[in-house]
Structures are given as C-alpha cells and as structure tokens.
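Report on one structure; see the data block that follows.
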Amino acid sequence: MNEFFEAVKDSIYINLIYEDRYLFLIEGFGLTVFMTVATFLLGTLIGAVFCRARVSRRSWIRKTVEMIGTLFVRLPTLVLLLIFVYLIFSNIEAETVLLAIVAFAMKTGAYIADILYAAYKAVNPGEIEAGRTLGMSRLKVFRFVILPQIINYALPTYRNQLIITLQETSLVGFFAINDLTRASQVITSRTMDPYIAIIITCVVYLLIGAVSNYLFKLFDRKKHLKEGRDYRIESTL
Amino acid sequence: MISIRQLKKSFGNNVVLENVNVEINKGDVIGVIGPSGCGKSTLIRCINLLEAPDSGEIRIDGVNIAEKNAPIDSIRQKMGMVYQNFNLFSHKTVLENVIMAPIHLLRIPKKQAIEEAFSVLKMVGMSHRADFMPDQLSGGQKQRAAIARCLAMKPEIILFDEPTSALDPTMIDEVLAVIRKLVKTGITSVIVTHEMGFARNIANRIFFMEERGIYEEGTPDEIFDHPKREKTKIFIQKLKIFEYKLQIRQLDIYELAGKLSEYGQKYDIAKRQMNGLNLILEEILVFLSQNADHKDMTSVIVSYQEANQQIQLEIRYGSPSMNVLEHPDFDEISRQLIHGLATDISCLPGEMGYTLKLTL
C-alpha cells in the first residue's frame, strides 16, 4: 500500500511540480476556456445571422446561406481547420488561435443556425400576426413575442452545443497550440507517465461541462421561470 | 369609418375578391356570412392589411392603407382583431398578454396598465384567470382573454374572424355573450361568423358573401326573412337542389327513382317524404309522357329546405298547355292522392310552357 502512495506521490511530483509543469496545464485550461467562450459567442452571432438569412424573403439569400451551412456541417472540423490555416490564410500572418476560433465558430454557427431556425419555426405564426394586428412593429413583435419563445425552445439543444464546441476545441493541438488536451499530452511525452495528466484533463473537461450546465440553469430559472414550461408544471402541481 | 372601393385580391390564379365596395359607418355591427371559401376571412384580413390587396382602396378614417408607406401600425392600434385560433402569446400569462401592447405601444405605466387590464378582464369574466398560462385555459376562456387583449388597446373597431369556429359547442355561448355585451357599448365591429342566429340578433347589417364579393347586403330581416337573390336563398334556407331534365316521351321512371333515392340519402330526407315525392312524380310524369307532344322537354326540380324539412317540387313542361292536374284525362284517384300528399299546389305559365309547383 505504501509503495502505491509513494508511486502516486512521485507521479504527481514529476507531472505537476517538477519544472512547474502544473502551470502548463493551467495555461492550457485557460486557452481551452477562452477558445470555447470566444467560439461560442462568435458562433451564436454567425448562427443568428444565418438564421435570419434563412427566413429572408429573397430566395437567393436563403439558398446561398443554406448551401454554406450544409458545407460547414458536412466537412469534418479538422478538415475545416486545415482549410483555414493552410489554404485560405496561409499567406497571411495571423494567430493560429484566432484562425481556429473563426473556423470553429463557422461550424458551430451552422449548427446554431439550425437550432434557431427550428425554434423559430416552432413559434405559432398566428401569434406573430396577433402582435402585428395589435399595432406592434416587426421589431417589437420580434423582441416581445418571437425572441422569448425562440429562447425557450432552443435552450436545451443550445446547451448541448456548448459542450460539443468545448470538445472540438481540443483539435487545435494538431497545430501545436497548447490547449488543455495538448498540454497534458506534452507532459505525458516528457514524463512517460500518462495517468495523472490524462485523469486531470478528464476531470477538468467534466468540470467545465458541469459549470456551464449550472450557469445555463441559473439563467434559465432566473429569466424564464415565469415564461418557461417549468412554471406551468409547478403551477399545476 | 371604413370605406372599401374596387377591392381585388387573388392568391395566385385564384381570384378571391373582386370589385368589392363597402361602406362601414361608426357604430355599425356588420355580420358577414356566406359559405366556406367565399372570401369572408380574406375580406376581414384585408381590412387590417394582413393580406395586401392586389388593387383598390381601403380607407380607414380617410387613410388609404392599401397605399405603400401607409402608417399601418398606428391604424392597427385603433383596430382590434380576434382570431378563430385565439393566438394568445403562449409564453405569457393572461395578464401579460393583456398589458403587453398598452405598455410597449401606448407607453402606459405598468401599474396603470395592470389596473386597466383587470377592468377589461373583469368585463370578459376572466379576472380570476389573470395569472394562468394560455394552455391552462379552455377554448372559450382563451377567446375571452384574446378579446380582453384587444380591448386593452381601446380600439375603435374590432374585427372578429370566426370567433367561435374553433370552440366546443358548450363554449360558444360564453364567447357570444361577451361579444354581445361588447357590441352594446357601441363599438364598430365586423363579425365573420357561421352562427346565423347570433349574426341575426346582433348585427344591424348583414353582408352575404358569394361569387368573389358581397352578393347581397341588407338588414338582418331582409337577408334572413326575405332574401332577394338566388344564392342567398339557397344559403339561408339551406336548400338542397336536385335537377333532372328529360325528353318526356323517353321517360325512364326507374332511372329517375334511382337518382332521387340517392339524393334523398345524401341529405337524409325522411323516407315518408321521399315515398310521397316518388308517387307524385310517377303519376304526373307518366301522364305527361302519354299526353305530351313529341320532343317536348320536361324538367324536374326538387329543392329540400333543411331548416324546416320541406320539399318543394317544380315540374316544368311544354304541353298540354294547362294545369295537368285539371286535365280531363287525368285520373281522379291520382288527383286526390296528390292533393292529399302535397300542399300549396299552383300551376302558372312559365319558362318552358307551364310550371307546376307543389310543397310536401
């Protein structure tokens, strides 16, 4: 038993403490969180724009956007990343991290556009008409009638999308960018002792997921307690 | 208040409204009736521009909303609309539904808006359901909440687009009662409805729509008791028409009987009445076929009034040029039989020579 603890102690020392390797992991963690958040925000923006274009009255806009969306959905993320880094921006001096964020955001945006579009279609068109006949402008109808319902309908899938984005960012290791996954890999290759680094990486990914879930729930409760379906269930109980 | 000129509206190649001219005055209560698909809803949807007309003018208080850049939002604020499917905002409570437009459009402070909301909710009998979500309500309650939402904007005109068509029969009355109460306040309203009795009681003018426009217009008594035009009569009296035309010398009484029984089954006409009808037709047509000139055409028109279950029989024939029932060769027993079965027997010179009319 003692021998086991000794081994664990050694392992922790060599993987984390020696040469301040834990900093490497923390930096990787920071980069992963940054990329995820940036990708997700940019992706949401792209998704919203795509979704708006998809309900456009002009058919050529709808078709173009649908085609671009399909392209991003069908190409594997890694291939998309390769295209961005080695083909489109090969001659331009740019941070690979930024390029990666843009590439991920395009992909995430295509998915989010789908999510938002489905949610928009779930809104009863009669309610939009009702809003208009009360005398509200298009913008007001969107803000007070459509948007709150889109949020209600989209939130569960949107939440999953964050986790998917989080996991996809680990692909940047391919370009020697030290995110969380790559950091643990680098440490492992130095120490030839995979256990501690990989276990820590796993736990951190799980934690990020749990925290984001918690934040979403908080948002969901606070903002939509009265509007969400939970309210109805609670009030009928 | 509302004045429509030369309105035309089509969907693709399907012309729904054509050359519609309407004048609606302040305080009018208009009942719009007509068969399905005659453009009733389209007309009412054109009035607040939910459907853009192809051509023509729609003036609301003098402003032509069919024009581009018409200030439609501000006009809509004065014009409420109640839908067949209620269309309450499903993510908001009843109270929130009612206060949304006043707060964001009329800029009324929230507290005051809530007070006013409760007074309209009270009027439609929904104040005890203010905190409910729409899908916790029954159909009738939803519709009353939708009416309250409309009233909160203090409209000058309310358009009702078949307000009871999506409701259970048990809930229709509660909604009609609310509308009745509302109309008594003197608000101008246009009500598209299939509830004939309701339209008759509540409206001061009735539009009967058919043939891509307003086919006949009048007071409820004129339209319901003395409709002038053919299609209005058919619609109001729920006439079911059967027509049969033949060369009388080639009479095939069995073919006619077959077609008649099909017609009788389709409209669920009582067996006893159908038997009487068959008997009368047989007696008269057989007599005609033996006494008529060669190549004489005869037509039989049966119209069944669903409302009072009466059958009107019309036989138009060319010869003999007199009332067949008074023809000297007409069998006496048959004559008595017919007089026993039918009432209101008349025979006048008509389209094809003579027209014999009987009521069963």
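The values are calculated or read from the model by the stated rules, or taken from the named source; none is laboratory data. Here the structure is a predicted model, which means the values were calculated and not measured. Note that we place each Cβ from the backbone using ideal geometry, even for glycine, and neighbour counts take in every protein chain shown.
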Where residues in the range B:128-141 are under 19 Å from B:Ser165 (Cβ atoms), surrounded by 19 or more Cβ atoms within 10 Å (Cβ to Cβ) and of a type outside the set (Gly, Ala, Ser), which of them is farthest from the other protein chains (Cβ to nearest Cβ)?
-> B:Gln141
Select from the range B:284-331 the residues that are assigned to a strand (DSSP E or B) and of a type in the set (Ser, Thr, Tyr) and list them in ascending order.
-> B:Thr298, B:Ser299, B:Ser303, B:Tyr304, B:Tyr317
If you go through the range A:160-176, how many residues are surrounded by fewer than 19 Cβ atoms within 10 Å (Cβ to Cβ) and of a type in the set (A, V, I, L, M, F, W, C)?
-> 5
In the range B:106-127, how many residues are within 13 Å of chain A (Cβ to nearest Cβ) and either touching a helix residue (DSSP H, G or I) at 6+ places or on another chain (Cβ under 6 Å) or more than 14 Å from B:Leu151 (Cβ to Cβ) (or both)?
-> 1
Qualifying positions in the range A:172-195 - charged (D, E, K, R) and within 17 Å of A:Val97 (Cβ to Cβ) | A:Asp179, A:Arg182
Filter result (in contact (Cβ under 8 Å) with a residue 12 or more places away in the chain and either assigned to a helix (DSSP H, G or I) or not assigned by TED's automatic domain parsing to the domain that holds B:Ile114 (or both)) within the range B:150-169 = B:Cys150, B:Leu151
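Kindly check whether there is at least one residue in the range A:109-125 that is surrounded by 15 or more Cβ atoms within 10 Å (Cβ to Cβ), within 30 Å of B:Lys154 (Cα to Cα), touching a residue at least 24 places away in the same chain (Cβ under 8 Å) and not acidic (Asp, Glu). Before the answer, list the steps.
If we filter the range A:109-125 for residues that are surrounded by 15 or more Cβ atoms within 10 Å (Cβ to Cβ), which is where we start, we get A:109-117, A:119-120, A:123-124.
Checking the rest, the ones that are also within 30 Å of B:Lys154 (Cα to Cα) come to A:123-124.
The next check asks that each one be touching a residue at least 24 places away in the same chain (Cβ under 8 Å); those that pass are A:123.
Filter again for not acidic (Asp, Glu), leaving A:123.
Yes: the range A:109-125 contains one or more residues that are surrounded by 15 or more Cβ atoms within 10 Å (Cβ to Cβ), within 30 Å of B:Lys154 (Cα to Cα), touching a residue at least 24 places away in the same chain (Cβ under 8 Å) and not acidic (Asp, Glu).
Name the one entry in B:Glu230, B:Glu222, B:Glu216 that is crowded, with 20+ Cβ neighbours inside 10 Å and free of Cβ contacts under 8 Å to residues at least 24 places away in the same chain. Outline the logic, then answer.
Working: B:Glu230 fails: crowded, with 20+ Cβ neighbours inside 10 Å; B:Glu222 fails: crowded, with 20+ Cβ neighbours inside 10 Å.
Going through B:Glu230, B:Glu222, B:Glu216 in turn, just one is crowded, with 20+ Cβ neighbours inside 10 Å and free of Cβ contacts under 8 Å to residues at least 24 places away in the same chain: B:Glu216.
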B:Tyr254 fails exactly one of the following numbered conditions: (1) buried (at least 19 other Cβ atoms within 10 Å of the Cβ); (2) modelled with pLDDT of 85 or more. What is the number of that condition?
-> (1)
The residue that is nearest to the other protein chains (Cβ to nearest Cβ), considering only those in the range B:63-97 that are within 19 Å of B:Leu182 (Cα to Cα) and touching a Cys at 6+ places or on another chain (Cβ under 9 Å), is B:Met81
